[in-house]
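Participant: Before I ask anything, here is the structure I am working with.
The values are calculated or read from the model by the stated rules, or taken from the named source; none is laboratory data. No experiment lies behind these values; they were computed from the predicted model shown. Note that each Cβ is placed from the backbone with ideal geometry, even for glycine, and that neighbours are counted across all protein chains shown.
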Ligand code: ADP
Ligand code: MG
């Protein structure tokens, strides 16, 4: 049996860990350190570099160096290098291949299986792309798990009797806030929030701008305009930033940055914090929103876990203390903690570790569009996954032989206000009256968070299904915006939905009234037919005017008339039956 590894496939760095005698161990890179830069580069002669070497030559070869590919996972972005195009999956695949090689060299065994982590907010498309990347690297993905969940596992919190864990992950380019609920060894993600464009890179940028502007003051030249100088400035700024996490003062020195001149500037932690205070400020709102979404306040949080290299900055730790009024967990290296958790999860799946179950949730409701453009929820927001939910639907028209299944994600009452994830149709439905066919629409979300939708005709047993691959990318920002809008328009949406439903109801009633007439033509007298027709016309008129109140009134009238007529029809039929019986006589 080969060893299973846990991989944190990060935006800036990737980390790999495995279980050694039941204990998680981070695998050191053959190039030094435990972090493998998520960087891929192409060099002369068609060679390709990954990791530290790729990162080291980035300054000299910026055009053929690819960093932060994770941002593009699940999109249709193409990366073109010297006439060859690569997908984000392929580039990530190169990184995973490197990670796998490093693991095999260290463990001294073949590695085939892996648990890979993704941000809690990755949608189906992004998760699928991550699985595709693993295929390129010939890795068998045992499970895709959320990064915050992995971090909680690493701290062994599943063994404690805690309720709520808040995970703050500030990496190279992204900020994620997740609130997990833990009870009896089961993790459930209660809320997720964050900022897809906030991370260590932004703090680097502050130092870069400061240094470059200081240089302009002295030499009247902006070194940022030269691509290679810019890359060197970035590296020096990042180093300075890291140093300021340890010391109150650092010196930035870049020799021969322009025309043989050196850049030399000193920077205090205090000045750095002043330069970047707006970035720190940006961490507050998503944190509060996550608490609000989970229906909690800071007082309900039992543990705060710091994840991501950027949480090493003292100002970030201080902010965590102030916001959550407690000392955050940061004992496990924040840039390794996710990989450690992934390795534990790999152990759970191979059976090496027992008694842990992971439960994740859907961030937004999923459902389909039904008659009148109404959004019908199949899986509610915050439902733990994996999950399967189904509902029976029927046709809207007589003799309808196919139905379109529009799959949507969102919280609004009307389909048009939600995000479309894809569509397909089920055909060959046998000819029938509206309302007769029974079509079961089922949504299945697997443990990796990937959605499959199927439609099943209960009469013919015809079935069709799709995996949602073409779903639109939903950023955290978009999700938050949708949730806000759903709240803001809730009352309005409800009214619009009710209005549409009354309309649907009215159409249904007109259709059944017509059926009653058609089926009983020889029983009904002219007066009754007239009465029904008039009532139908009134409902139609109200429907045309679109006035809900009038529709309701006229529908009531029509219903009363139909009820009376139906009971008269029953009486007549009874009488006829009796007459028929008395004529025929009874045989012995
Ligand atoms: P990701 O998950 O985005 O791949 P990491 O969690 O590894 O990234 O975080 C990388 C970021 O952490 C980089 O921006 C790096 O500069 C920053 N970082 C690492 N160590 C420190 C430190 N000691 N002080 C400040 N920032 C740090
Ligand atoms: Mg990370």
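Participant: Could you run through the range 213-238 and say how many residues are in a loop (DSSP other than H, G, I, E, B) and in contact with a strand residue (DSSP E or B) (Cβ under 8 Å, 6 or more places away or on another chain)?
Facilitator: Result for the range 213-238: 2.
Conditions (1) in the same structural domain as residue 56 (by TED's automatic domain parsing); (2) closer than 16 Å to residue 133 by Cα; (3) within 11 Å of ligand 1 (Cβ to nearest atom); (4) not in a loop (DSSP other than H, G, I, E, B), marked per residue:
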| residue | (1), (2), (3), (4) |
| --- | --- |
| 8 | yes, yes, yes, yes |
| 19 | yes, no, no, yes |
| 24 | yes, no, no, yes |
| 32 | yes, no, no, no |
| 40 | yes, yes, no, yes |
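Participant: Go through the range 61-70 and count every residue that is assigned to a helix (DSSP H, G or I) and surrounded by 16 or more Cβ atoms within 10 Å (Cβ to Cβ).
Facilitator: 3
Matching residues to (1) at pLDDT 95 or above; (2) away from ligand 1 (no atom under 15 Å from the Cβ); (3) touching a helix residue (DSSP H, G or I) at 6+ places or on another chain (Cβ under 8 Å):
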{"residue": "142", "(1), (2), (3)": "no, yes, yes"}
{"residue": "156", "(1), (2), (3)": "no, yes, no"}
{"residue": "161", "(1), (2), (3)": "no, yes, no"}
{"residue": "167", "(1), (2), (3)": "yes, no, yes"}
{"residue": "185", "(1), (2), (3)": "no, yes, yes"}
{"residue": "190", "(1), (2), (3)": "no, yes, yes"}
{"residue": "200", "(1), (2), (3)": "yes, no, yes"}
{"residue": "206", "(1), (2), (3)": "yes, no, yes"}
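Participant: Please find, among 83, 93, 74, the residue that is surrounded by 21 or more Cβ atoms within 10 Å (Cβ to Cβ), out of contact with any strand residue (DSSP E or B) (no Cβ under 7 Å at 6 or more places or on another chain), farther than 27 Å from residue 353 by Cα and at pLDDT below 95.
Facilitator: Just one listed residue meets the conditions, 74.
Participant: Restricting to helices (runs of 4 or more DSSP H) lying wholly in the range 249-357: which have 1 or more residues that are within 14 Å of ligand 1 (Cβ to nearest atom) and buried (at least 19 other Cβ atoms within 10 Å of the Cβ)?
Facilitator: Correct list: 269-275, 277-281, 314-324, 337-350.
Each row is one residue, and each column tells you yes or no for (1) surrounded by 17 or more Cβ atoms within 10 Å (Cβ to Cβ); (2) in contact with a strand residue (DSSP E or B) (Cβ under 8 Å, 6 or more places away or on another chain); (3) closer than 19 Å to residue 364 by Cβ.
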{"position": "388", "(1), (2), (3)": "no, yes, yes"}
{"position": "391", "(1), (2), (3)": "no, yes, yes"}
{"position": "411", "(1), (2), (3)": "yes, no, yes"}
{"position": "417", "(1), (2), (3)": "yes, yes, yes"}
{"position": "424", "(1), (2), (3)": "no, yes, no"}
{"position": "431", "(1), (2), (3)": "no, no, no"}
{"position": "435", "(1), (2), (3)": "no, no, no"}
{"position": "438", "(1), (2), (3)": "no, yes, no"}
{"position": "460", "(1), (2), (3)": "no, no, no"}
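Participant: Here is a follow-up. Restrict the check to the range 244-262 and report whether at least one residue is touching a strand residue (DSSP E or B) at 6+ places or on another chain (Cβ under 8 Å), closer than 30 Å to residue 165 by Cα and touching a residue at least 60 places away in the same chain (Cβ under 8 Å).
Facilitator: The answer is yes, given that some residue of the range 244-262 is touching a strand residue (DSSP E or B) at 6+ places or on another chain (Cβ under 8 Å), closer than 30 Å to residue 165 by Cα and touching a residue at least 60 places away in the same chain (Cβ under 8 Å).
Here's the yes/no breakdown for (1) exposed (fewer than 15 other Cβ atoms within 10 Å of the Cβ); (2) part of a helix (DSSP H, G or I):
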residue	(1), (2)
491	yes, yes
509	no, yes
513	no, yes
522	yes, no
527	yes, yes
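Participant: Which of (1) touching a residue at least 60 places away in the same chain (Cβ under 8 Å); (2) within 16 Å of ligand 2 (Cβ to nearest atom) is the odd one out, the single condition residue 334 does not satisfy?
Facilitator: (1)
Participant: Name the single residue, out of those in the range 32-42 being buried (at least 16 other Cβ atoms within 10 Å of the Cβ) and away from ligand 2 (no atom under 16 Å from the Cβ), that is nearest to residue 58 (Cα to Cα).
Facilitator: The selected residue is 41.
Participant: Name, by its number, the condition in (1) away from ligand 2 (no atom under 16 Å from the Cβ); (2) in a loop (DSSP other than H, G, I, E, B); (3) loosely packed, with under 14 Cβ neighbours inside 10 Å that does not hold for residue 45.
Facilitator: Among (1) away from ligand 2 (no atom under 16 Å from the Cβ); (2) in a loop (DSSP other than H, G, I, E, B); (3) loosely packed, with under 14 Cβ neighbours inside 10 Å, the lone unmet condition for residue 45 is (2).
Participant: For the range 223-248: of the residues being surrounded by fewer than 17 Cβ atoms within 10 Å (Cβ to Cβ) and over 37 Å from the mean Cα position of the chain (by Cα), which is farthest from residue 274 (Cα to Cα)?
Facilitator: Checking each candidate, the answer is 226.
Participant: Also, I was wondering about something else. Among the residues of the range 309-328, is there at least one that is within 16 Å of ligand 2 (Cβ to nearest atom), under 22 Å from the mean Cα position of the chain (by Cα) and touching a residue at least 40 places away in the same chain (Cβ under 8 Å)?
Facilitator: The answer is no; no qualifying residue exists.
Participant: Turning to a different aspect of this structure: Of the residues in the range 2-24, how many are surrounded by fewer than 16 Cβ atoms within 10 Å (Cβ to Cβ) and either in contact with a helix residue (DSSP H, G or I) (Cβ under 8 Å, 6 or more places away or on another chain) or on the phi < 0 side of the Ramachandran plot (or both)?
Facilitator: 4
Participant: Also, quick follow-up: Go through (1) within 30 Å of residue 403 (Cα to Cα); (2) modelled with pLDDT of 95 or more and name the single condition residue 304 misses.
Facilitator: It fails just one condition, (1).
Participant: In this structure, does residue 120 turn out to be surrounded by 23 or more Cβ atoms within 10 Å (Cβ to Cβ) and out of contact with any strand residue (DSSP E or B) (no Cβ under 7 Å at 6 or more places or on another chain)?
Facilitator: no
Participant: Follow-up. Let me confirm something: among 552, 534, which residue is in a helix (DSSP H, G or I) and under 30 Å from residue 411 (Cβ atoms)?
Facilitator: One residue alone meets the criteria, 552.
Participant: Now for a different question. Only one of these is part of a helix (DSSP H, G or I) and surrounded by 12 or more Cβ atoms within 10 Å (Cβ to Cβ): 560, 497. Name it.
Facilitator: Only one candidate passes the filter, namely 497.
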